[in-house]
Amino acid sequence: MKQTISTDKAPKAIGPYSQAVLYGGLAYLSGQIAIDPANNKLIEGGISAQTEQVLENVKAILEACGASLDSVLKTTVFLKDMGDFTPMNQTYERYFAKNPPARSTVQAAKLPRDVSVEIDVIAAILTEPRA
């Protein structure tokens, strides 16, 4: 059975979607952007700072799902500018240093709130959801 997940440790959904959906032992996370959940504002800084905030948001939602960064199977990275690939990748690598997930990276013409990066995730559920 499908279960939706929401946590206040990540930005709230701003439309008709869930932060994550659990189904068949997998967690499907909606794309995350660099919003600080404490104040619901975009963070200041370049692509590295934005990537870090996005992955912190992903991490919080994964924890609410009963998953973790180690259980991530696939990510999709959407970049506003493929010229930002190297600094994004350096930050991303800190979060997925060993046994990294499969990944696609694409340049998008426009991202929500004109951010530089958005990342969505599919992960295996390890424990009972906490949300």
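Just a few scattered comments:
- Unit charges at the beta carbon, dipole of the stretch 3-124: most positive-side option, Ile47, Ala10, Cys65: Cys65
- If only the Cβ of Lys and Arg carry +1 and only the Cβ of Asp and Glu carry -1, the dipole of the chain around its Cα centre is close to 260 debye.
- Debye intensity ratio in log₁₀ form over the Cα atoms of the chain, taken at each q of 0.11, 0.20 Å⁻¹: -0.34, -1.16
- Cα-based helix-to-principal-axis angle, 47-65 vs the chain, degrees rounded to 10: 0
- By average C-beta atoms within 10 angstrom, highest first, the peptides 95-101, 59-65, 75-81: 59-65, 75-81, 95-101
- Under-5 Å amide H pairs with Gln32, H placed in peptide plane, nonlocal only: Ile119, Asp120
- The chain: most fluctuating residue of Ala109, Ala20, Ala34 per GNM, C-alpha cutoff 10 Å: Ala109
- Reachable lysines from Lys12, criterion Cα separation under 25 angstrom, eight or more residues apart if same chain: Lys2, Lys41, Lys59, Lys74, Lys80, Lys110
- Helix axis angle, 85-95 relative to the chain longest principal axis, alpha carbon, degrees: 30
- If you take the Cα centroid of the stretch 57-131 and the Cα centroid of the stretch 34-50, the two points sit 15 Å apart.
- Reachable aspartates and glutamates from Lys98, criterion Cα separation under 12 angstrom, eight or more residues apart if same chain: Asp70
- Annotation for Phe85 and Ala49: the two label points, set 7 Å from Cα along the Cα-Cβ direction, are 2.5 nm apart.
- Two-site label geometry, Thr4 and Thr127: point separation in nm, points 7 Å out along Cα→Cβ: 2.6
- Chain lengthening between Ala109 and Thr76 when straightened (0.36 nm per residue, less Cα-Cα): 10.4 nm
Only the coordinates and a few stated rules stand behind these numbers; no lab work does. Small disclaimer: the values here were computed from a predicted structure and weren't measured. Reconstructed Cβ throughout: ideal geometry from the backbone, glycine too, with neighbour counts over all protein chains shown.
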